[in-house]
Number of protein chains: 2
Amino acid sequence: MNLNNASKDQLTQWEQQLSAEYAAIVARKLSLDLTRGKPSSDQLSLSDAMDGILKGNYKSQDGTDTRNYGGLEGLPEARQLGADILGVKVTEVLAQGNSSLTLMFQTLLHAVHFGFEGPDSAWRRQGPMKFICPVPGYDRHFTLCEQLGIDMLTVPMTADGPDMDAVETLVQTDPAIKGIWCVPKYSNPTGVIYSDAVVARLAGLGKLASPGFKVFWDNAYAVHDLGDSLPLANLMDLARAAGTENSVVQFASTSKITHAGAGVAFVAMSEANLKSFKQSLGAQSIGPDKVNQLRHMRLLPDLNALLQHMKQHAEILQPRFDAVLSALDTAFAGTDLGQWEKPAGGYFVSFDTRPGCAKAVVKLAAEAGVKLTPAGATFPYGLDPEDRNIRIAPSVPTVAEVVGAMDVFVTCVKLVAVRQQLANLS
Amino acid sequence: MNLNNASKDQLTQWEQQLSAEYAAIVARKLSLDLTRGKPSSDQLSLSDAMDGILKGNYKSQDGTDTRNYGGLEGLPEARQLGADILGVKVTEVLAQGNSSLTLMFQTLLHAVHFGFEGPDSAWRRQGPMKFICPVPGYDRHFTLCEQLGIDMLTVPMTADGPDMDAVETLVQTDPAIKGIWCVPKYSNPTGVIYSDAVVARLAGLGKLASPGFKVFWDNAYAVHDLGDSLPLANLMDLARAAGTENSVVQFASTSKITHAGAGVAFVAMSEANLKSFKQSLGAQSIGPDKVNQLRHMRLLPDLNALLQHMKQHAEILQPRFDAVLSALDTAFAGTDLGQWEKPAGGYFVSFDTRPGCAKAVVKLAAEAGVKLTPAGATFPYGLDPEDRNIRIAPSVPTVAEVVGAMDVFVTCVKLVAVRQQLANLS
């Protein structure tokens, strides 16, 4: 199918054929959901041994009674696991509660209101605040910016990561730019891994940008490979080498490793930054849930055990990704109907329709019983300027459900595009 | 012992005698600690059945898979327990993570920066911010104010609660006053329960104070009775009757019920306030650890089960409180050496030395191997203007250790006071 070269007759014929297919789908009264980037029940069950795993021994390796108050930094062994996931020193990591999003908020709040280098360094004291958001991206990051009064500027995502020419130009020309959001491995939603060159240039931004600038590095899918473990350049090592280690803050969690809502989250930054951050963290918390951290360490005592555990996740996820990618390939390879990456991990496949079609596709699919993430959700303020991007999240449905949902999706993408092209020609 | 009426000879004799006693204590090379308001290991063990209590069933009463993301408000059954503890409607409570302190920070942050009635109502947009702090009080409350740039004004605590004449005068004369901290039952550290009249007047402050004023009601010891369950007037009922329900926010947690660092915290407020608060909470969290909430509900399915559980805590705590109160009574009843309340619950006994003695007592006790909470810690900015108040926390040591530590404490109080009086006379 190639719409740009198709005659009006051809388009009309396709429209009739696709409309019939769509009507048949509607008649099936489906109820399928590709919206949620969360683990399936089968994946969650991989960690069910955590309940009862302590067997009366609530002591951490250093003898701490995890049941009591205290220990703001988290258990040493949990910090070590976080350090291994993120590739930093154990002294640069805190192991905290169940949400890396909360840690991102706390870190951003610290930068905006309290200041990493004392009250005068608080971003809000320096006029307007802006963040660079590579798009498509993660809506929760955008919400954090909105909540804290930070304006957002977008740059395009490429197959190698953010368009670094655009990023470098922005940070050098606009001193209000305080940071950039990054999901460096299996990026949400495009699934790409940032190239070594991109990571090196991100590490170098601290030298180009205004003082206090921070790369917010949300490494949510650091160990979430479907096949072999794919490498990602070490941001902190590169920043250390560049003398910009105070310009990067990193996040990870076990949310998509153990139980999504009951995991352990990690934040990593230079020891100087951490010392500052702990002052505001210590005002708002007596310490994280150490018992839950201990449960995690008994289940996954080190990075190797964790990587073995992730292989079980991959076995469950792989056929779902295969179903999505195979449907897209069959329907759209060699056409002018859309573009997508082929992620080797993470939770999403990101599909770009022809311009101006995404909202209509999501609406049509919903009317046929297939829920998709709202079009625009992957852009700041919910505004996809070209109305193209749709995030597909195949982890929760069964493989058969994914196949069924993709059948609908493909039909809707084609039908909307054909109708649009027909309208263009008339 | 009565110092005001004692002759110089008598004081000199006491000084010599007490110095000798103190020297004998130092020779014993004690290492005791009365600083920490946290449960003992025996108390924590009362809840050890939580590990393994789920037995593979991770579903809440409404069928939610607690392992996955979501559920910002907390499990319905956990919210019900919080509602029962705080005496509010279930729709007025959120069940959250392991720290009520964090909820207090988040609530205060919402009021200061985001605004309960929209951005224009944010306290920071209205000039200077002040809080009333009844003293002695809880140092963590003061730290929250300092962290968020809120100045603190003190009012005296009485045996009935805060001095409400002073409080009412302040809120009517200073529009910068945005709130008041309250620990209404077994107050930290004096151990008093606010009288019905005081609670009613607190509920009425919303009518006297400037718009947006909030009573921060930290009911940390709501069910922490040593003997019979003692009543506390219902703040929300009184506020509802007075039409001031938007002027109260309440907090509680299971920290001193189950595992101190791994409990469930609750925040309660009017439905209008909650709707506003959830907007900022929802930006920073995808939801609390519902698995841990489920563990709690399996251990303590309702308020009655919880109250039975608290009786076991009381059995452990009672002899420790008896040891403190009996030592104080034996040493100081009928003297002019100090004052104290006799708490029937909570975690503390608060002792007021003669003016100007508290720091010296804490120092002398430390030199004899007995750690006490730093003098001044119970006042904003760490400044006790009369240098009188010392917080005694007897929960962690054994009964024998409490007896030994109180022996040292009593000797130090006497010795410092006698030396001071001698110095006054010379």
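As an equivalent ellipsoid, chain B spans semi-axes of 40, 27, 17 angstrom, where each value is the square root of five times an eigenvalue of the C-alpha gyration tensor, largest first. Each residue of region B:314-323 is assigned a 3J(HN,Hα), and the resulting list reads 4, 4, 6, 7, 3, x, 6, 5, 4, 5 Hz, derived from the Karplus form 6.51 cos²θ - 1.76 cosθ + 1.60 (θ = phi - 60°), x at Gly and Pro. Cβ crowding within 10 Å ranks B:SER255, A:SER210, B:SER40 as A:SER210, B:SER40, B:SER255, fewest other Cβ atoms first. Against the longest alpha carbon principal axis of chain B, how many degrees, from 0 to 90 and to the nearest 10, is the axis of helix B:76-86 turned? Long axis of B:76-86 versus the principal axis of chain B: about 40 degrees. Chain A comes nearest to the axis taking it onto chain B at the Cβ of one residue; that residue and its distance, in whole Å, are A:GLY52, 2.
Per-residue mean of foreign Cβ neighbours for B:261-270 is 3 (Cβ atoms of other chains, 10 Å radius).
Taking the inverse of the mean 1/r over every pair of distinct Cα atoms in region B:58-300 gives a Kirkwood hydrodynamic radius of 18.0 Å. Contact order for region A:60-303, expressed relative to its length and based on alpha carbon pairs under 8 Å spaced 6+ residues apart, stands at 28 percent. Max-minus-min Cα coordinates of region A:72-188 on each principal axis give 42, 38, 23 Å, with the largest extent listed first.
Projecting the Cα atoms of A:GLY115, A:ALA242, A:VAL408 onto the charge dipole of chain A (Cβ charges, centred on the Cα centre) puts A:GLY115 farthest toward the positive pole. Working note: Debye formula, equal point scatterers on the alpha-carbon atoms of the protein assembly as shown, no solvent; log10 I(q)/I(0) at q = 0.07 Å⁻¹ is -0.60.
Quick one: order A:SER99, A:SER253, B:SER326 by neighbouring beta-carbon count within 10 Å, fewest to most.
Arranged by neighbour count, lowest to highest, A:SER99, A:SER253, B:SER326 become B:SER326, A:SER99, A:SER253.
Using only Cα atoms and rounding to the nearest 10 degrees, what angle (0 to 90) does helix B:164-173 make with the longest principal axis of chain B? Orientation of helix B:164-173: about 60 degrees from the principal axis.
Rounded to the nearest 500, the helix-only mean residue ellipticity at 222 nm of chain B stands at -13500 deg cm²/dmol, with each DSSP H run of n ≥ 4 adding -39,500 (n - 2.57).
You can think of it this way: the chain between A:ARG125 and A:GLN10 has 35.3 nm of extra reach, that is 0.36 nm per residue less the Cα-Cα gap.
Phi angles across region B:367-374 convert, under the Karplus curve 6.51 cos²θ - 1.76 cosθ + 1.60 with θ = phi - 60°, into 3J(HN,Hα) values of 5, 9, x, 10, 7, 10, 3, x Hz, Gly and Pro given as x. The Cα center of region A:128-146 and the Cα center of region A:398-420 differ in position by 29 Å. Counts of other chain beta carbons within 10 angstrom of each beta carbon in peptide B:284-296 average 6. What share of Cα pairs, in percent, lie more than 19 angstrom apart in region B:254-330? Tail of P(r) above 19 Å: 57 percent of Cα pairs. For region A:60-303, a crude dipole built from +1 on the beta carbon of Lys and Arg and -1 on the beta carbon of Asp and Glu, taken about the Cα centre, is about 540 debye to the nearest 20.
About its Cα centre, what dipole magnitude does chain A give when the only charges are +1 on Lys and Arg Cβ and -1 on Asp and Glu Cβ, stated in debye to the nearest 20?
Value, rounded to 20: 800 debye.
Report the paramagnetic label zone for B:LYS371: residues of region B:258-272 whose backbone N is under 18 Å from a point 7 Å from Cα along the Cα-to-Cβ axis. Output list for this probe position: B:261. Projecting 7 Å from Cα along the Cα-to-Cβ direction, the label point of B:GLN61 sits 4.2 nm from its equivalents in the other copies, listed shortest first.
Summarising the strand pairing of region B:58-300, around 40 percent of its internal DSSP beta bridges are antiparallel. Summing Cβ point charges (Lys, Arg +1; Asp, Glu -1) relative to the Cα centre of the protein assembly as shown gives a dipole of roughly 0 debye. The distance linking region A:1-62 with region B:321-370 is 65 Å (Cα centroid to Cα centroid, whole angstrom). Around the amide H of A:SER253, modelled in the peptide plane, lie the amide H atoms of A:PHE266, all under 5 Å away and 5 or more residues distant in sequence or on another chain.
Any chance you could tell me what percent of the C-alpha pair distances in region A:339-426 go past 16 Å?
54
Once both labels are positioned 7 Å from their Cα atoms along Cα-to-Cβ, the gap between B:GLN339 and B:LEU422 label points is 2.8 nm. In nanometers and ordered shortest first, the copy-to-copy spacing of the B:ASN234 label point, defined 7 Å from Cα toward Cβ, is 6.1. Most tightly packed first, judged by the mean number of other beta-carbon atoms within 10 Å of their residues, the peptides B:184-195, B:144-155 read B:184-195, B:144-155. In order along region A:242-249, the Karplus-derived 3J(HN,Hα) couplings, from 6.51 cos²θ - 1.76 cosθ + 1.60 at θ = phi - 60°, round to 8, x, 10, 5, 7, 9, 10, 10 Hz, and Gly and Pro are given as x. Amide H contacts of B:THR154 (H built 1.01 Å from N, in plane; Pro and chain starts excluded): B:CYS133 sit under 5 Å, all sequence-distant by 5 or more or on other chains. With neighbours defined as other Cβ atoms within 10 Å of a residue's Cβ, the residues A:TRP181, A:TRP340 order from fewest to most as A:TRP340, A:TRP181. Using only Cα atoms, find the angle between the long axis of helix A:8-27 and the longest principal axis of chain A, and express it within 0 to 90 degrees, rounded to the nearest 10. Once rounded, one gets 60 degrees.
Given the peptides A:25-31, B:364-370, arrange them by the average over their residues of other C-beta atoms within 10 Å, most packed first.
The most tightly packed comes first, giving B:364-370, A:25-31.
In chain A, a dipole from Cβ-located charges (positive for Lys and Arg, negative for Asp and Glu) runs towards its positive end, and of A:MET104, A:TYR186, A:ILE316 it is A:MET104 whose Cα lies farthest in that direction. Candidates A:VAL362, A:LEU306, A:ILE390 compared by Cα position along the dipole of region A:299-394: farthest toward the positive end lies A:VAL362, with charges placed on Cβ.
Coordinate-derived values only; no laboratory data. All values reported here derive from a predicted model rather than from experimental measurement. Cβ sites come from the backbone with ideal geometry, for glycine too, and all protein chains shown count toward neighbours.
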